[in-house]
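Presented below is the structure to which this report refers.
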Amino acid sequence: MDITKILAEMTLEEKAGLCSGGDFWHTKGVPRLGIPPMMMSDGPHGLRKQEEAGDHMGVNDSIEAVCFPAGCATAASFDCDLVEQMGRILGQECQAEDIGVLLGPAVNIKRSPLCGRNFEYYSEDPLVAGEMAASFIRGVQSQQVGTSLKHFYANNQEHRRMSTSAQMDARTAREIYLPAFEKAVQEAKPWTVMCAYNKINGVYAAENRTALTDILRSEWGFDGYVVSDWGAVNDRVPDLEAGMDLEMPSSFGMRDAEIVEAVRSGRLSEEALDTAVRRILTIVDRYMAGRQPDTVFDRDADHESARDIAAQCMVLLKNEAQILPLDRTVPVAFIGAFAEKPRFQGGGSSHIHAHKVESALEMAQAAGYPVRYAKGYETQDDVVREAMIQEAVEAAKAAEVAVVFAGLPDTFESEGYDRTHMRMPACQNALIEAVAAANPRTVVVLHGGAPMEMPWIDRVQGLLMAYLGGQAVGGATVQILYGDVNPSGHLAETFPRRLEDNPSYLSFPGEGDVSAYREGIYVGYRYYQKKKIPVLFPFGHGLSYTTFSMDKLRTDKSAYQAGECVTVTVDVTNIGDRAGKEVVQLYVLPQTQSDQVQRPVSELRAFTKIALAPGETKTATFSLPARAFSYYSQQKGRFVVASGSYTLACGDSCEHLMAETSVEMAGETMQPEQVTLDTTFGDLLAIPGARELVTPYLSLMADDSEADAMGESTAGMMEAMIRYMPLRNLLAFTGGKVTAEQCQVLLESIRALCG
Ligand code: GLC
């Protein structure tokens, strides 16, 4: 497609028309100029392709497709290669179904465990979310199909999502809510980005020039098109000027006319319109150039892949007395409706018409395992039915082990609304308690997209978080339970003990249309660690049927200049008796305190997943860029590495660090942006070379009697007392010994030191 030539031939109406969908799912075609329509479709973990009536909430039908594990599950794999492979498969499916852009990945940070859409998102940690997103994008786009990184940005709740304003300071945005998008854009180059419904600090994401142009394009280099979330356009012309190129779904010419009128009246330059049209044409052309119409969508093969992926995502949270893996010769009770009909996906725009679903019960029976089933509860309501519990208790008593399949029913979490609590259904809690009382050798398998409160946790021996593992979750669960697959998932989010413990509890989901992110950067483990709040299961936690050690953590040097990469290596050994995979997590813990900035206790700065045979040792190597040691300085408007000492620690959760070392970073001293008479002595003394200039004046601030009264500790106490005094106090507290001129000379001398 010669885009320049086509642009020159397009009428104003055709250009304006291209900036809005042709229908619910396609871009507009311009047959006269050979521009075809291109289909976009959800996403993210399967094809929700609608050939009839389109909708954005998963209400209307869609084609039979394969439902893969949702983001909550794939992130728990901590396996970038696995997620990339899943992306490749989805990209092939898109080619087979002529879909040019798959609407995903969804990378919004899990600010609160209550967000109804957390099942679709990856993590509370920006690094995990960014790495997963980049891997997914690379996979899909390797098949010459585009992705749509969403929802940009700060769409962290469903409550009033189309009107609320996410209010946060620059540091919170830069350290928590932007980095996943930044990494994905810079490392994987998504063809498109989807803007969020919500406002950010009072400005709709669709109209937010700072986000869509200054940050996304000018700073990060994004070169695709921005598509609105479906129905997110608030005011078409300002949105287009802000960098929001394509309105979806179609507004059937209404907003096209607004654009035409704006250009005609001079309110909108035709150049700005051409920029948006060029971006859209570039992506359509890229898709057409890579078109592979003969690709086959092999649903059964992809179903098998979905099972393999799910088995790598599940997280073994508890395994007392090594109750797992199960002995396949002993009678086991499978209890709970989810054993027969698993909850494997969430509600809303990501809801896939799964071409088949396999349950744990059928897969265990097919394998010939001696399992007996009891339903235990109904899923359409939350009623404790004693007869069903009694039946389950009988089954548990007759079994060697009781496995209860439970979790969140469809109605408890979905796109479109948030949870108001973290409880599981009362009927399920009652069932688990009764079964565990009847047979202490009880295991619980949980389906759900987010943390749940578990009042029974101390009365069960095993706990497997299956998350929303896609249509083949049943087979994957059985593989894990019976040990065909060694579990290797780790939590990409904290499971708090109580809802009230979570950092956003006091401000989520906001008041009216203001959602104040008062917890700032202290999201997830960053908060629980800082406040020393015990949690149910910590970020990064995940057990295996074997055990691993990590030691000899070392760096290439012990001291670094700002900007230098730090090479870190650690030896990981499988000290157990069966093969397994370990997720090696590398955290950075700033050690040098400063009153200029508060830092989290630790931050995950790298991770990798390593397969190890029994007794095998491998060395994991990481390269930490300066950003891994940085925080975002609101005063400087950029990331800063503060000089000082940093501990590097590796472990298999944020709370279980097995090896550590420390390094010195010669970063930036935290000196004040500008030095004036109002600058405090504490800040002045932090400027290299300033102490020699300032100290002679400090002694003038305590006369002899005061000095005598304070005794030998005068100097230390003096400095502590004047630390927060401004320089101008030399005039007020030296009894006239220091003149205004002397004060000015001192000020100039110190400014000279700052360069
Ligand atoms: C929905 C979702 C978005 C989805 C789009 C199309 O409202 O927010 O993730 O891709 O509309 O269904």
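The values are calculated or read from the model by the stated rules, or taken from the named source; none is laboratory data. Treat the numbers as computed from the prediction; the structure is a model and nothing was measured. Glycine gets a Cβ as well: all are built from the backbone with ideal geometry, and neighbour counts include every protein chain shown. Only protein heavy atoms, including side chains, enter the accessible area calculation; ligands, DNA and RNA are left aside. Shrake-Rupley method; radii C 1.70, N 1.55, O 1.52, S 1.80 Å.
The table below gives the values:
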{"read-out": "Debye, to nearest 20: dipole size of the chain, +1 on Lys, Arg Cβ, -1 on Asp, Glu Cβ", "value": "540"}
{"read-out": "Beta bridge orientation in the chain: antiparallel %, DSSP, nearest 5", "value": "55"}
{"read-out": "FRET efficiency, 1/(1 + (r/R0)^6) with R0 25 Å, evaluated for Q322 and A611 via beta carbons", "value": "0.70"}
{"read-out": "The chain: radius of gyration and largest Cα-Cα distance (Dmax), Å", "value": "29.2, 96"}
{"read-out": "Solvent-accessible ranking of D551, D55, largest area first, probe 1.4 Å", "value": "D551, D55"}
{"read-out": "Relative packing of peptides 88-96, 206-214, 612-620 - highest average C-beta neighbours within 10 Å first", "value": "88-96, 206-214, 612-620"}
{"read-out": "Accessible surface of the chain, 1.4 Å probe, proportion on carbon and sulfur as whole %", "value": "51"}
{"read-out": "Residues whose placed amide H lies under 5 Å from that of F405, excluding near-sequence neighbours", "value": "I335, G336, A339, V445"}
{"read-out": "Cross-link pairs beyond the 30 Å C-alpha cut-off, checked among K28/K189; K532/K552; K150/K618; K530/K552", "value": "K150/K618"}
{"read-out": "Dipole in debye (nearest 20) - the range 272-370, about Cα centre, beta carbon charges: Lys, Arg +1; Asp, Glu -1", "value": "360"}
{"read-out": "Within the chain, helix-based [θ] at 222 nm, where runs of 4 or more DSSP H residues each add -39,500 (n - 2.57), nearest 500", "value": "-8500 deg cm²/dmol"}
{"read-out": "Linear extension gain, E51 paired with S594, 0.36 nm per residue minus alpha-carbon span", "value": "189.6 nm"}
{"read-out": "Three-way shape call for the range 603-755 based on the alpha-carbon gyration tensor, with the a/c threshold at 1.5", "value": "prolate"}
{"read-out": "The chain: relative contact order in percent, alpha carbon pairs under 8 Å with at least 6 residues between", "value": "13"}
{"read-out": "Convex hull volume of the range 195-257 per residue (C-alpha atoms, cubic angstrom)", "value": "72"}
{"read-out": "For the range 208-273, accessible area per residue (1.4 Å probe, heavy atoms of protein chains only), Å²", "value": "38"}
{"read-out": "For the range 1-133: relative contact order, % (alpha-carbon pairs under 8 angstrom, 6 or more apart)", "value": "21"}
{"read-out": "Cut-off 12 Å between beta-carbons: net charge of the residues surrounding R88, Lys and Arg +1, Asp and Glu -1", "value": "-3"}
{"read-out": "Two-site FRET efficiency, Q85 against T661, from Cβ-Cβ distance with R₀ of 35 Å, rounded to 0.05", "value": "0.55"}
{"read-out": "Under the span-like rule (Cα at least 15 Å along the axis, Kyte-Doolittle mean at least -1.0), DSSP H helices of the chain", "value": "80-96, 126-141, 254-264, 270-289, 386-397, 426-438, 740-754"}
{"read-out": "For A426, net neighbour charge (Lys/Arg +1, Asp/Glu -1) across residues whose Cβ lies under 14 Å away", "value": "-4"}
{"read-out": "Span from the the range 36-115 Cα centroid across to the the range 427-448 one, whole angstrom", "value": "33"}
{"read-out": "The range 197-334 - convex hull of the alpha-carbon atoms, volume per residue in Å³", "value": "243"}
{"read-out": "Total charge dipole magnitude, the range 210-303, about the Cα centre, Cβ charges on Lys, Arg, Asp, Glu only, Debye to nearest 20", "value": "180"}
{"read-out": "Sites matching chymotrypsin sites (Phe, Trp or Tyr not before Pro) across the range 505-584 that sit in DSSP coil, with at most 16 neighbouring C-beta atoms within 10 Å", "value": "Y505"}
{"read-out": "Cβ-derived FRET efficiency at R0 51 Å, T669 paired with E304, nearest 0.05", "value": "0.35"}
{"read-out": "The range 543-605, relative contact order [Cα under 8 Å, separation at least 6], %", "value": "32"}
{"read-out": "Separation in nanometres of the label points that stand 7 Å from Cα toward Cβ, at V203 and R385", "value": "5.5"}
{"read-out": "Contour minus Cα-Cα distance for T567 and E400 (0.36 nm per residue)", "value": "55.1 nm"}
{"read-out": "Ranked by how many other beta carbons lie within 10 Å on average, peptides 98-107, 58-67 from highest", "value": "98-107, 58-67"}
{"read-out": "Net charge of Cβ neighbours under 10 Å - reference L506; Lys, Arg +1; Asp, Glu -1", "value": "-1"}
{"read-out": "Lysines with Cα under 16 Å of K5, excluding same-chain neighbours fewer than 8 positions away", "value": "K15"}
{"read-out": "Per-residue HN-Hα couplings for the range 419-425 [Karplus 6.51, -1.76, 1.60; θ = phi - 60°; Hz; x = Gly/Pro]", "value": "6, 10, 8, 10, 6, 8, x"}
{"read-out": "Taking all pairs of distinct alpha-carbon atoms in the range 715-755, Kirkwood radius in angstrom", "value": "11.3"}
{"read-out": "Whole-number D in µm²/s for the range 330-454 (Stokes-Einstein; Kirkwood sum over Cα pairs; 25 °C, 0.890 mPa s)", "value": "164"}
